[in-house]
Every structure is written in structure tokens, then in C-alpha cells.
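Report on the following structure.
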Amino acid sequence: MMTNLFSVFDPSTSTNLSLNWLSMITCFLVMPMMYWVNLTPMNVMIKTLLTAITKEFAMLLNFKTKNFLWFGVSLLIIIMVNNSLGLIPYIFTSTSHMSITLSYALPLWLSFMLIGWITNFNHMMAHLIPQSTPMFLSVFMVLIEMTSNIIRPMTLAIRLATNMVAGHLLLTLSGNMGQVLSYTKMSGVILVQTLLMGLEIGVAFIQAYVYATLLTLYVKEVL
């Protein structure tokens, strides 16, 4: 009997060791080197996926930020793998914790801000006041723009974590209903869980894309 609904997101194990965090590196253990060296179906699929993702991110960047192309692609793949692994039973979802999502967003956002203020100071100052802003509103617009920039890493982290938690909670709630339902009603619960799993697969990929895309746009904005 589950005593706490959020206990499914507890990283501790029965041995009181936080071994569930190892799920973040599981992808490197299940991908043998031959998948990357030989021309196998897995290799072809990965290359096709990388090509499509690279073209998508290339359209978001300009000439100055083209060197950040593989940064966005790599971040997308890392988050996508972690989100997808969390859908497998008994595998810990690392991206459902703010400690992970904020660890991705905060250092990267801070690095972009430092690069922008050091290398492109005039552009960063001009960005604080939108064009055609009345003079008496300039101070307020600066405060608003600074606040919106400061909360960006927090909003990125919260968006990813809450979306992963929400889907898993729905699956957990529907799964716990099976203990008190008849076989006829259980078939309906299984159908609902199947639909929720399909939705969660889509959320896992979409949220990874949104997370990486927003950080890539932040790079384009400061340079």
C-alpha cells in the first residue's frame, strides 16, 4: 500500500542508497560501440534522427551562433533519453527532480548571460528597453526585462519537472485503482493507461525539444 503519492519519485532504494540516479547513464551501458562503428539499422536510425534534429536547430541559429548547433542537439538527446528511460517500469525518472532540471538550466543560462554581457555589452543594454518605449516607462521596462531574464532558468526547470511528474502521477493513480476494480472495469483502466502511456511518450519528446529549443534561442538572443 502506497503511503505517499509522491514516493514514486523518491530516489532512495530499499538499501538506503541513491542508486536510482544511475538511470541517467543507462543509455551509455545499453549502446555497444558496434552500433556507432558499423552500418547497422540502429546506426542508420540514429544518424537519421541526428540529421533531422540538426536541420531543425540550424534554422534557429544565425551566423554568429552556428557554433552552438551541436550544443542544442546534444542537450536535446540527453534530456530525451532521460525522459524516455523514466517511462520504463522500475527505472528512475531523473528529469522529474528540480535538482536535475535546474542543474541543466542555471549554469547554461548563466554562461550565456556572461558571454553576452562581456562580448556584446551594447546589444544587451539595448535589449533591456524595447524599441519605441516612452521615456517615462524606461525604468519600469528595464526592471521587467531584468526580472524576465532572471527567472528564465527557473521556468525552464519547473516546466520540464512538472510535466514529467504530472504524467507519472496519472499513471500511478490509475494503476492503484486496479486493486479494487472488477475485471470488466479493469479493461477500461488498461485502455486509459495505454492512452496515457502514448501521451507520456509524446510529452517526453516534446518537452526535451522545448527545453533545448528555448536554451538555443537564449543563445541567439544574447549574441
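Read-outs throughout are calculated quantities, based only on the coordinates presented, and are distinct from any laboratory measurement. Predicted model only: the values in this text are computed from it and were never measured. For neighbour counting, all protein chains shown are included, and Cβ atoms are generated from backbone atoms with ideal geometry for every residue, glycine included.
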**Report entry** Selection of trypsin sites (Lys or Arg not before Pro), region 44-129, meeting DSSP coil and at most 15 other Cβ within 10 Å
**Finding:** Lys64
Report task. For region 156-223, state what percent of all Cα-Cα pairs lands in each successive 5 Å bin, counting from 0 Å until the bin that includes the largest distance. Result -> 3, 15, 21, 15, 13, 10, 8, 6, 4, 3, 2, 1, 0
Report summary line: Put in order of increasing Cβ neighbours within 10 Å, starting from the fewest, Tyr90, Tyr209, Tyr104 give Tyr90, Tyr209, Tyr104
